[in-house]
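Shown next, in structure tokens, is the structure this report addresses.
The values are calculated or read from the model by the stated rules, or taken from the named source; none is laboratory data. Note that the coordinates shown come from a computational prediction; the quantities given were computed from them, not determined experimentally. Neighbour counts are summed over all protein chains in view; Cβ atoms, including those assigned to glycine, are modelled from backbone coordinates with ideal geometry.
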Amino acid sequence: QLLFSLRHLIPCLRAIVTFGLNALHGRHQVSKSVWGGPWNYTNAYDFIKYTRTKGYKVDSWEF
């Protein structure tokens, strides 16, 4: 739902979108802005593949 909403909002704002992938599946929050634990890269790959198949324009991916 969130990605769908952003897809319509971002062109209106002329925003550049960067997704941070470090806090995805397999990681946990250690403190307010720090995430740790093992990282499952396949979840990130699936997320990138999903956004591309939906036609979402993402400027960059942060690892």
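Annotations for the structure displayed:
- Failed item, numbered, when GLY36 is tested on (1) at pLDDT 80 or above; (2) within 11 Å of the chain's Cα centre (by Cα): (2)
- A search for C-beta distances below 7 Å between a residue of region 37-63 that is touching a residue at least 24 places away in the same chain (Cβ under 8 Å) and among the charged types (D, E, K, R) and any residue that is surrounded by 13 or more Cβ atoms within 10 Å (Cβ to Cβ) and part of a strand (DSSP E or B), counting only pairs 6+ apart in sequence or on different chains, returns GLU62/PHE19.
- Qualifying position, being modelled with pLDDT under 75 and over 17 Å from GLU62 (Cα atoms), among LEU2, LEU13, LEU24: LEU2
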